[in-house]
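Only one structure is covered here, and it is reproduced in the block below.
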Amino acid sequence: MSDVEELIRSRYQQLRDEFPEVSASMLTPAEREPSALRGQRAILDEIRPTIVFDVGAHFGEGALKLRNAGYRGRIVSFEPQREIFELLAARASSDELWTAQHLALAEKPGTQPINVMRLHLASSLLRPSKKMSDVMPAEALTARSEPVQVETLDNVAAKFCKDDDRVFLQIDVHGFEWNVLQGAERTLKRALGVKIEMALVPMYEGEMLMPQISAFLYERGFRLVGLNPVSVDPRGHLLWVHGYFMSAATL
């Protein structure tokens, strides 16, 4: 195991030790989820992407899941948190078709503060809601502010996409998914599939929930073809799901 992989595993273990009451599914590296892996493999086999934009990459768990599902094409990962990005970039450096970008994506370019939580999996450009505070221990949500560079997916995708590329999007940005979509209109027109995290209850102030995000994508010609649960509250009620959408043109 490389030094980078060992460090990332130790960071997850540190979170599990520090916050044992947090839902285990939040603290399990995503590439280990077998049911999600099977679902993603089927969609990748069907749409055969040549480039994936991985928005909210964290340590690159989603990119590794793509590789584990058999995808061998180009990946462009985006992560705004400085310390997390450094590990992402180190991980991506061993894969010549994987590029890491130190950026947040939103509806317009600029600079915004990100709320960096002690439970860094919950860091967001939005503030945690009361529901999040009810589910997570207060110390996990203790935040510091860090300025991050922001771009739109449309602007960045134009630099990486070729005319004949088959585009797949995966977006997991802790309540900021709606904002990413607002800056991705042109990219969505050529995307064949989207994997996106959606909340069923407001975990961040001002976030849009699964009904609004689904309606937005349906209006742009996508259809929901799969769901995977991500995390639940102490009563077992779903908090987040990953939704898999495919362009109606591919169905």
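The values are calculated or read from the model by the stated rules, or taken from the named source; none is laboratory data. For clarity, every value in this text was computed on a predicted model and none was experimentally measured. Backbone-built Cβ (ideal geometry, glycine too); neighbour counts: all protein chains shown.
Does segment 172-188 contain at least one residue that is touching a strand residue (DSSP E or B) at 6+ places or on another chain (Cβ under 9 Å), part of a loop (DSSP other than H, G, I, E, B), closer than 20 Å to Q101 by Cα and among the acidic types (D, E)? Yes: one or more hits. Reported count of residues in segment 235-250, each being more than 15 Å from the chain's Cα centre (by Cα) and within 14 Å of R220 (Cβ to Cβ), is 5.
Looking only at segment 83-105, filter to residues that are in a helix (DSSP H, G or I) and touching a residue at least 40 places away in the same chain (Cβ under 8 Å); which one of those is surrounded by the most Cβ atoms within 10 Å (Cβ to Cβ)? Spell out how you get there, then give the answer.
Quick first cut of segment 83-105, residues in a helix (DSSP H, G or I) only: 83-92.
Of the ones still in play, those that are also touching a residue at least 40 places away in the same chain (Cβ under 8 Å) are 87, 90-91.
Details: L87: 20, A90: 18, R91: 23.
Here the residue is R91.
Quick one: count up the residues across segment 147-159 that are more than 22 Å from R220 (Cα to Cα) and surrounded by fewer than 16 Cβ atoms within 10 Å (Cβ to Cβ). Looking only at that region, the number is 3. Note on segment 211-251: residues that are touching a residue at least 40 places away in the same chain (Cβ under 8 Å) and not in a strand (DSSP E or B) amount to 4. In segment 160-176, of all residues being surrounded by 24 or more Cβ atoms within 10 Å (Cβ to Cβ) and touching an Asp or Glu at 6+ places or on another chain (Cβ under 7 Å), the one that is nearest to S129 (Cα to Cα) corresponds to G175.
Evaluation of M208 against the conditions (1) in a helix (DSSP H, G or I); (2) in contact with a Gly (Cβ under 9 Å, 6 or more places away or on another chain); (3) of a type in the set (A, V, I, L, M) shows that the sole unmet condition is (1).
Just a yes or no: is a residue in segment 179-189 of a type in the set (K, R) and crowded, with 17+ Cβ neighbours inside 10 Å? Scanning segment 179-189 turns up no residue that is of a type in the set (K, R) and crowded, with 17+ Cβ neighbours inside 10 Å.
Residues in segment 131-154 that are free of Cβ contacts under 8 Å to residues at least 60 places away in the same chain, out of contact with any strand residue (DSSP E or B) (no Cβ under 9 Å at 6 or more places or on another chain) and not acidic (D, E): S133, A138.
Identify the residue in segment 123-146 that is farther than 27 Å from A157 by Cβ and of a type in the set (G, A, S) and, among all such residues, is surrounded by the most Cβ atoms within 10 Å (Cβ to Cβ).
Filtering segment 123-146 for residues farther than 27 Å from A157 by Cβ gives 127-145.
This time we only want the ones that are of a type in the set (G, A, S), so: 129, 133, 138, 140, 143, 145.
Values: S129: 18, S133: 13, A138: 8, A140: 23, A143: 18, S145: 10.
Only one residue fits best here, namely A140.
The conditions of being among the aliphatic types (A, V, I, L, M), modelled with pLDDT of 90 or more and within 16 Å of the chain's Cα centre (by Cα) are not met by L97. Restricting attention to segment 198-214, the residues being surrounded by fewer than 22 Cβ atoms within 10 Å (Cβ to Cβ) and of a type in the set (D, E) number 1.
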